[in-house]
Amino acid sequence: MKKIISSISLCTLLCIGFLSKGLAQTTPTNSPTQFKVALIAPLYLDSLFSGNNYRYGKKFPRFVVPGIEFIQGAMVALDSMPNPAQPVEVSVFDCGSDAQSVDSLILTKKLNQYQLIIGAVRDQDYLQLAHFSGNTQIPFISVSYPNDGGIQSNPFLVILNSTLRAHCEAIFGYILQNHESANILLCRQPGSQEDRVQGYFNEINQPDGAPLLHLKSLRIADSNFNQIKSRLDSTKQNIVIAGSLDEYFASGLASACNAISKTYRITLIGMPNWEGFKSLQKNNALKGFPIYFTSPYYNPRTNNLSNSLKELYLAKYKGYPTDFSYKGFEAAYLFIPLLLKHPYDFTSHLNDFQQKVFSDFIFKPVINSHTGLPDYFENKHLYFLKIVDGNISKAW
């Protein structure tokens, strides 16, 4: 793909074992048909160098890895795309540095010249970019942050990493369609986050005041998981929803369910962050017991684009792509061509991809119940995956 890379204060082509500092830039074109895309991630490159000297010797600090790998994946995508009719200027901003912080980029109006912003950012950086997007009507693709941050009335915000409410909706929809007559138990521990999860399920279950499912709730305090057994039905399929994002609770609940799974038919469905819990993946006591969860991403890494990314990434960065590399590649490969095709009504064509990259996405507006207008667009396509003996695979 013909492209122009600019606004890179430090070279982002970093890989484990090799780092460099410099400027990667070509002369911009004055063509009126040129499109500008901003890639934003915390690279913390200023923290890596003292002047021209790298501070960490032969080590590579882990806190910089996700952002750098995200940008590297996007760079490989730019090299892999078919050549467009119009040139594209792609600028990389290190929001982990003082000079290119999101606050600074907005105050100096550096982002106002772009037609699309793709970011792997969190918390305050996400909120600032979301508000900026709404004020300027520049689409902002939030790739990694699984939260809407309370943003309202911004149809230019697109959330790829689905919110917790969307995961609860997917779980509820699956149970309603496939296990309506099952014994359904929502297990949780005390806590504000758990209150929020239960609130989502209560709202989803009673859209018109009458419950769609007989959904029972069990509050587990002091790790007393033994009480689960008395709430199960040996004559029915038991669906146990784990309404907590806490790893200790997840491990305890999984162990309790596994211990009685020969007597009771149990399907345990956890929260989306359970995918990263080592206590579930590396636990011999859970051998053969499946744990289900939802995820917006599923990539077995076997299709042509996955193989192409592996080869190009190895050649360019002397290493293998990670999850963040795949997400950077996917976001750039999907949304930059979409901008070129629909520059003036981008968010009206969010589902008009020319081809699937790794995961399937379905973007829908999240409508504000008070205004009737979209608060943002969100990916509503979620995969059901399962963990069995440390391996993660597609469940259904």
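Every test in (1) exposed (fewer than 13 other Cβ atoms within 10 Å of the Cβ); (2) assigned to a strand (DSSP E or B) is passed by Ile387 save one, and that test is (1). Would it be correct to say that Gly372 is without any contact (Cβ under 8 Å) to a residue 24 or more places away in the chain, in a loop (DSSP other than H, G, I, E, B) and outside the structural domain of Ser133 (by TED's automatic domain parsing)? Considered against the rule, which asks whether it is without any contact (Cβ under 8 Å) to a residue 24 or more places away in the chain, in a loop (DSSP other than H, G, I, E, B) and outside the structural domain of Ser133 (by TED's automatic domain parsing), Gly372 comes out as yes. When Asp222, Asp195, Asp233 are screened for being within 22 Å of Thr163 (Cα to Cα), assigned by TED's automatic domain parsing to the domain that holds Thr263 and without any contact (Cβ under 8 Å) to a residue 60 or more places away in the chain, only Asp195 passes. Annotation note: of Ser97, Ser133, Ser142, the sole residue that is touching a Pro at 6+ places or on another chain (Cβ under 9 Å), assigned by TED's automatic domain parsing to the domain that holds Ser325 and closer than 18 Å to Pro365 by Cβ is Ser133. Residues that are charged (D, E, K, R) number at least 1 in the following strands (runs of 3 or more DSSP E) confined to the range 233-314: 265-269. Six or more apart or on different chains, Cβ atoms under 8 Å: show the pairs whose first residue is in the range 350-362 and over 17 Å from Glu378 (Cα atoms) and whose second is assigned to a loop (DSSP other than H, G, I, E, B) and of a type in the set (Ser, Thr, Tyr). Hits for this filter: Phe358/Tyr297; Phe358/Tyr298.
For the range 189-213, which positions are part of a loop (DSSP other than H, G, I, E, B) and either among the charged types (D, E, K, R) or under 25 Å from Tyr248 (Cβ atoms) (or both)?
Answer for the range 189-213, where residues must be part of a loop (DSSP other than H, G, I, E, B) and either among the charged types (D, E, K, R) or under 25 Å from Tyr248 (Cβ atoms) (or both): Gln189, Pro190, Gly191, Asp208.
Comparison of Phe324, Phe353, Phe358 shows that the only residue that is hydrophobic (A, V, I, L, M, F, W, C) and assigned to a helix (DSSP H, G or I) is Phe324.
Within the range 281-292, being among the polar types (S, T, N, Q) and surrounded by 13 or more Cβ atoms within 10 Å (Cβ to Cβ) holds for Gln281, Asn283. Scanning the range 239-253 for residues that are surrounded by fewer than 23 Cβ atoms within 10 Å (Cβ to Cβ) and within 20 Å of Thr263 (Cβ to Cβ) gives a single hit, Gly252. The residue that is nearest to Asn147 (Cα to Cα), counting only those in the range 340-366 that are modelled with pLDDT of 95 or more and among the hydrophobic types (A, V, I, L, M, F, W, C), is Val366. For beta carbons closer than 8 Å, sequence separation of 6+ or different chains, a first residue in the range 53-68 that is in contact (Cβ under 8 Å) with a residue 12 or more places away in the chain and a second that is of a type in the set (Asp, Glu), the qualifying pairs are Gly67/Asp94.
Looking only at the range 293-312, count every residue that is surrounded by fewer than 22 Cβ atoms within 10 Å (Cβ to Cβ) and touching a helix residue (DSSP H, G or I) at 6+ places or on another chain (Cβ under 9 Å) and tell me the total.
Of the residues in the range 293-312, the ones surrounded by fewer than 22 Cβ atoms within 10 Å (Cβ to Cβ) are 295, 297-308, 310-312.
With touching a helix residue (DSSP H, G or I) at 6+ places or on another chain (Cβ under 9 Å) added as a condition, the list becomes 295, 297, 299-301, 305-306, 308, 312.
Count: 9.
For the range 291-320, residues that are over 21 Å from Val143 (Cα atoms) and of a type in the set (Phe, Trp, Tyr) total 2.
The values are calculated or read from the model by the stated rules, or taken from the named source; none is laboratory data. In this text, all values refer to a predicted model and were calculated from it rather than measured experimentally. With ideal geometry, Cβ positions are generated from the backbone for all residues, glycine too; neighbour counts draw on all protein chains shown.
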